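> Shown below is the structure under consideration.
The values are calculated or read from the model by the stated rules, or taken from the named source; none is laboratory data. Predicted model, so just to flag it, every value in this text is computed and none were measured. Don't worry about glycine lacking a Cβ; one is built from the backbone with ideal geometry, like all the others, and counts go over all protein chains shown.
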Amino acid sequence: MLPLFPASDEKLSTKRTHLLLRKALFQLLTTTPFEKITLTELCSTAMIPRSTFYRYFEDKYDLQRYCLQCMLQEANFNEDVLYLRSPESVRYFLLALIQMLQQDLEDYQKIYNSNKDGVLMKMIKDYLILIITGILKEYEKKGCRYKIDIPIFAALLTNFFFTTLQCYLETSGQYDVQTFVDNVCLFTEKDFFAARPAPAADSC
């Protein structure tokens with residue numbers, strides 16, 4: 001299994017190959033459901049030999065997991081974000097994540113629409129649960145104690161982050177990035193209601 005996040009000290013040739021494969025998978029996903037993408041298509045699009053692919057990844061599922069890890073790492077997914085502990089950390093993470101989508105919004109919407117009823121969405125959620133569970137267990141080893149059982153905690157956090165991205169892809173035409181993130185942050189802070197006027201005094 002891949003480490004929780006990609007190593008930062010990869011060789012230049014390794015980084016180049018990884019980048020080519022990430023771009024190839026992204027390109028293919030805009031038109032093809034994940035389950036129908038073949039390794040031959042991936043290697044052909046990335047312009048690398050099949051043997052080179054197997055030097056770095058076991059299969060296309062392994063590559064997709066790597067892509068998810070990179071996305072989380074680039075958005076600065078950290079302890080404060082994981083625990084929804086710091087409003088500013090959560091805001092920074094969500095802004096970075098949503099801005100990633102915004103840069104290639106049309107393509108991400110194509111990917112979502114091509115794959116929302118396929119295996120990709122479930123695979124992303126399952127792997128995100130695995131990543132979050134691994135991080136929670138690491139903190140538990142360091143003495144952190146949770147009131148919520150880890151499997152439940154990981155599933156709830158995964159659903160929050162996954163649903164946030166899903167919501168943006170489905171409503172992006174209605175909100176700019178900042179307004180959307182502001183609304184999500186109000187939700188995480190449980191700030192649901194606008195101020196209400198005080199009840200009127202009874203008239204005599």
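> Among the residues of the stretch 59-82, are any over 19 Å from the mean Cα position of the chain (by Cα) and either in the same structural domain as Cys144 (by TED's automatic domain parsing) or free of Cβ contacts under 8 Å to residues at least 60 places away in the same chain (or both)?
Going through the stretch 59-82, the residues over 19 Å from the mean Cα position of the chain (by Cα) turn out to be 59.
Now drop any that are not either in the same structural domain as Cys144 (by TED's automatic domain parsing) or free of Cβ contacts under 8 Å to residues at least 60 places away in the same chain (or both), which leaves 59.
The answer is yes, given that some residue of the stretch 59-82 is over 19 Å from the mean Cα position of the chain (by Cα) and either in the same structural domain as Cys144 (by TED's automatic domain parsing) or free of Cβ contacts under 8 Å to residues at least 60 places away in the same chain (or both).
> Yes or no: the stretch 136-144 includes at least one residue that is buried (at least 18 other Cβ atoms within 10 Å of the Cβ), assigned by TED's automatic domain parsing to the domain that holds Arg85 and either under 29 Å from Gln27 (Cα atoms) or not charged (D, E, K, R) (or both).
Taking the stretch 136-144 as the starting set, the residues that turn out to be buried (at least 18 other Cβ atoms within 10 Å of the Cβ) are 136.
After this cut, where a residue has to be assigned by TED's automatic domain parsing to the domain that holds Arg85 as well, the list is 136.
Applying the additional criterion that residues be either under 29 Å from Gln27 (Cα atoms) or not charged (D, E, K, R) (or both) yields 136.
Yes.
For every residue, the table says whether it meets (1) within 30 Å of Phe180 (Cβ to Cβ); (2) at pLDDT 95 or above.
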| residue | (1), (2) |
| --- | --- |
| Lys23 | yes, yes |
| Phe34 | yes, yes |
| Met47 | no, yes |
| Cys67 | yes, no |
| Glu74 | yes, no |
| Asn78 | yes, no |
| Val81 | yes, no |
| Val90 | yes, no |
| Gln99 | yes, no |
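> Can you tell me which residue within the stretch 16-58, out of those that are crowded, with 18+ Cβ neighbours inside 10 Å and of a type in the set (Gly, Ala, Ser), is nearest to Leu68 (Cα to Cα)?
Residue satisfying both the conditions and the ranking: Ala24.
> Can I ask one more? Filter the stretch 160-177 for residues that are loosely packed, with under 14 Cβ neighbours inside 10 Å and either β-branched (Val, Ile, Thr) or over 18 Å from the mean Cα position of the chain (by Cα) (or both) and give the result.
Thr163, Thr171, Gly173, Gln174, Asp176
> Here is a follow-up. Determine, yes or no, whether Thr32 is farther than 30 Å from Cys185 by Cβ, among the hydroxyl-bearing types (Ser, Thr, Tyr) and without any contact (Cβ under 8 Å) to a residue 24 or more places away in the chain.
Details: farther than 30 Å from Cys185 by Cβ: yes; among the hydroxyl-bearing types (Ser, Thr, Tyr): yes; without any contact (Cβ under 8 Å) to a residue 24 or more places away in the chain: no.
So Thr32 does not fit the description; no.
> All but one of (1) buried (at least 18 other Cβ atoms within 10 Å of the Cβ); (2) under 23 Å from Gln64 (Cβ atoms); (3) of a type outside the set (S, T, N, Q) hold for Phe180; which doesn't?
(2)
Conditions tested, residue by residue: (1) in contact with a helix residue (DSSP H, G or I) (Cβ under 8 Å, 6 or more places away or on another chain); (2) surrounded by 12 or more Cβ atoms within 10 Å (Cβ to Cβ); (3) of a type in the set (A, V, I, L, M, F, W, C).
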{"position": "Glu79", "(1), (2), (3)": "yes, yes, no"}
{"position": "Pro87", "(1), (2), (3)": "yes, yes, no"}
{"position": "Ile98", "(1), (2), (3)": "yes, yes, yes"}
{"position": "Leu128", "(1), (2), (3)": "yes, yes, yes"}
{"position": "Gly134", "(1), (2), (3)": "no, yes, no"}
{"position": "Phe153", "(1), (2), (3)": "yes, yes, yes"}
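> Of all residues in the stretch 35-54, which are more than 22 Å from Lys116 (Cβ to Cβ) and either touching a residue at least 24 places away in the same chain (Cβ under 8 Å) or not in a helix (DSSP H, G or I) (or both)?
Step one: filter the stretch 35-54 for residues more than 22 Å from Lys116 (Cβ to Cβ), giving 39-40, 43-54.
Ala46, Met47, Ile48, Pro49, Thr52, Phe53, listed by residue number.
> If you don't mind, there's one more thing I want to ask. Can you name the number of the only condition in (1) assigned to a helix (DSSP H, G or I); (2) not assigned by TED's automatic domain parsing to the domain that holds His18 that Arg85 fails?
(1)
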